[in-house]
Amino acid sequence: MTTIVGVKKAGEIVIAGDGQVSLGNTVIKGTARKVRRMSPGGRDVIAGFAGSTADAFTLFERLEKKLEAAPGQLTRAAVELAKDWRTDKYLRNLEAMLIVTDGTDLLVITGAGDVLEPEGGVAAVGSGGNFALAAARALIDGDLGAEEIARKAMKIAAEICVYTNEEIVLEKIASA
């Protein structure tokens, strides 16, 4: 349970996530890093996850391998990952969702085999995802930049969702 939000605006893409790790109704850790930067093939990719940590790391590794096989082709790598995730006996049991960007595309990848490019430059997943999504959509047409929108959306989600805290990890990348 967590909140991850991605915002694409004015030549910048940001992915932000909270740091809370919960086990049932108990907070286990408040400073986890659920947003990470990877550089397969020398090109930066940012990924954020909601769901099981071990499952998400497995998916990060798989995505990295897909990107090494198809350098500079995030959408292709994401589709290949989603296909494997849906059809592989082991992978299909993984419980996580990813938001990824390479500075060009902002994508949501799910275990149902979905690779989605959100409308309006905003995506969110996790227990507080709908709160962050609504907040970011309300702010996207204003004067704020992508980073400010993501921070405000995460703050709003943290005020509403008990599985989201205000320990925000944020990574940004210039749009290609």
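Just so it is clear, none of the values below were taken in a lab; they were calculated from the coordinates. These numbers were taken from a predicted model, which means no experiment stands behind them. Virtual Cβ from ideal backbone geometry, glycine too; neighbours counted across all protein chains shown.
For the range 61-70, just list the computed ³J(HN,Hα) in residue order, Karplus coefficients 6.51, -1.76 and 1.60, θ = phi - 60°, integers in Hz, with x standing in for Gly and Pro.
4, 5, 5, 4, 5, 5, 5, 5, 6, 10
Rounded if a/c is under 1.5, else prolate if a/b beats b/c, else oblate: with a ≥ b ≥ c from the C-alpha gyration tensor eigenvalues square-rooted, which is the range 3-165?
oblate
For the range 51-176, what relative contact order do you get, as a whole percent, if you take Cα pairs closer than 8 Å and at least 6 residues apart? Don't skip to the end; give the middle numbers.
Values: 163 pairs, mean separation 23.6, N = 126.
Result for the range 51-176 is 19 percent.
Order these by the 10 Å Cβ neighbour count, fewest first: 127, 39, 175.
Exposure proxy ranking, most exposed first: 39, 175, 127.
How many nm is it between the label spots at residue 155 and residue 58, if each spot is 7 Å from the Cα in line with the beta carbon?
3.8
Specify the inter-centroid distance of the range 21-78 and the range 110-176, based on alpha-carbon positions, in whole Å.
What the calculation gives is 16 Å, centre to centre.
Output wanted: per-residue J couplings in Hz (rounded whole) for the range 79-94, from phi through Karplus 6.51 cos²θ - 1.76 cosθ + 1.60, θ = phi - 60°, x for Gly and Pro.
Each residue of the range 79-94 in turn: 5, 5, 4, 4, 4, 4, 4, 6, 9, 6, 4, 6, 5, 5, 8, 6 Hz.
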